[in-house]
1. Per-residue accessible area for ILE154 at 1.4 Å probe radius, Å² rounded to 10?
2. Percent of alpha carbon pairs in segment 185-225 separated by more than 10 Å?
3. Please calculate the 1.4 Å probe accessible area of GLU309, with all protein chains present, and give it to the nearest 10 Å².
4. Using the Karplus curve 6.51 cos²θ - 1.76 cosθ + 1.60 with θ = phi - 60°, what ³J(HN,Hα) values do you get for each residue of segment 24-32, in whole Hz, with x for Gly and Pro?
5. Could you give the semi-axes, largest first, of the ellipsoid that matches segment 84-164, computed as the square roots of 5 times the alpha carbon gyration tensor eigenvalues and rounded to whole Å?
6. Rounded to the nearest percent, how much of the accessible area of segment 94-191 (1.4 Å probe, protein heavy atoms only) is carbon and sulfur?
7. Residue by residue through segment 314-331, which ³J(HN,Hα) values in whole Hz follow from phi under the Karplus form 6.51 cos²θ - 1.76 cosθ + 1.60 (θ = phi - 60°), with glycine and proline marked x?
8. Let me know the volume per residue of the alpha-carbon convex hull for segment 153-262, in Å³.
Amino acid sequence: MSVAGFKKQFYKASQMVSEKVGGAEGTKLDEDFKDLEKRADVTSKAVVDLISKTSEYLQPNPASRAKLTMLNTVSKIRGQVKSPGYPQAEGLLGESMAKFGREMGEDTNFGGALVDVGESMKRLAEVKDSLDIDVKQNFIDPLQAVVDKDIKEIQHHLKKLEGRRLDYDYKKKRQGKIPDEELRSALEKFHESKEMAESSMHNLLETDVEQVSQMASLVESQLQYHKQAVQVLEELTDKLQDRLNEAQSRPRREYTPKPQPSFDYGEPEHSNGGYSPTANSPSYSSAPLVEVPSFHRTPSMKNNQHCSEPCAKALYDFEPENEGELGFHEGDIITLTNRIDENWFEGTLHGQSGFFPNNYVEVVVPL
């Protein structure tokens with residue numbers, strides 16, 4: 001730093017101490033300048049806060065928001081990049097739905113619905129990508145340019161103005177000790193900085209037409225996003241309604257237990273502790289009716305298995321829960337007296353009659 005520069009820094013520091021500590025008054029700026037400075041300050045703060053809040057609106061997740069700031073506007077305009085480069089929440093949800101829907105099978109009601117919704121969610125992610133890119137190009141980037149150029153320029157001129165004011169006030173208080181030419185030069189530089197600061201603030205405030213245009217671009221981007229999102233969701237709603245109507249029109253499939261295989265346990269001389277089918281009978285019953293395992297069979301069951309009238313054999317225990325129902329145990333032979341509907345029989349057992357579900361029994365002699 002030169003001697004003149006060092007002296008100027010000393011003058012400014014001395015004047016600042018005098019004003020802060022000693023209560024000395026400096027040169028006052030006119031009210032018009034103060035009003036202009038106030039309005040420019042509010043505009044600057046608004047622009048900076050809008051950039052932050054708009055980025056947060058587009059991506060509430062801080063990690064995704066950091067990636068949003070890395071978007072290259074020029075690449076977007078030239079078409080070199082087709083997506084923001086980070087996953088949208090809608091896309092992640094859509095990928096999960098589509099994946100598990102295909103694993104379940106698109107022919108199932110739930111699986112097919114998952115695939116439909118998943119594909120639509122991925123389309124919504126693409127629409128959201130377009131919103132992010134449009135807002136970044138047409139709203140955030142222009143505002144950032146104002147911060148990087150206009151607002152920085154204002155801050156530079158105001159800082160320079162304050163330094164030259166301190167220099168002038170210091171020399172003015174020491175008039176007579178400071179050469180008049182130096183004092184006159186300090187005053188001219190003060191007025192020069194004041195005019196440049198006023199000009200830069202005026203230019204910022206006069207760009208409000210551009211800022212309104214940028215706001216209009218933001219709203220237009222939002223409008224297009226919501227229009228496209230509504231279109232995707234309406235198409236999805238129609239698909240789901242058709243799928244729902246189709247599912248409701250299908251008859252409900254009742255669960256029917258699979259027949260259990262029958263094994264006969266012999267006692268071969270060289271048994272290794274396991275079991276083996278008897279030599280005279282196959283491992284699985286070849287008869288159309290499935291028998292219960294021989295270790296559950298009682299003599300009364302064997303005697304009653306071949307009945308001459310309509311009957312059914314109990315596959316499981318059934319405990320009656322309502323009045324009029326007929327209880328029985330596994331292996332009981334129940335005389336059938338009537339078929340109530342596709343799910344219930346009426347029958348008698350041990351002198352008692354009542355109703356019971358048909359999936360608990362196997363019909364031996366049909367009605």
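1. The value for ILE154 is about 10 Å².
2. More than 10 Å apart: 74 percent of the Cα pairs in segment 185-225.
3. 90 Å²
4. Each residue of segment 24-32 in turn: 5, 9, x, 5, 8, 8, 5, 5, 4 Hz.
5. Working: eigenvalues 521, 19, 7 Å².
Listed largest to smallest, the semi-axes of segment 84-164 are 51, 10, 6 Å.
6. 51 percent
7. 6, 8, 9, 6, 10, 9, x, 10, 10, 4, x, 7, 9, x, 7, 10, 4, x
8. Enclosed volume per residue, from the Cα hull, is 224 Å³.
The values are calculated or read from the model by the stated rules, or taken from the named source; none is laboratory data. These numbers were taken from a predicted model, which means no experiment stands behind them. Just the protein is used for accessible areas: all its heavy atoms, side chains included, with ligands, DNA and RNA removed. Shrake-Rupley method; radii C 1.70, N 1.55, O 1.52, S 1.80 Å.
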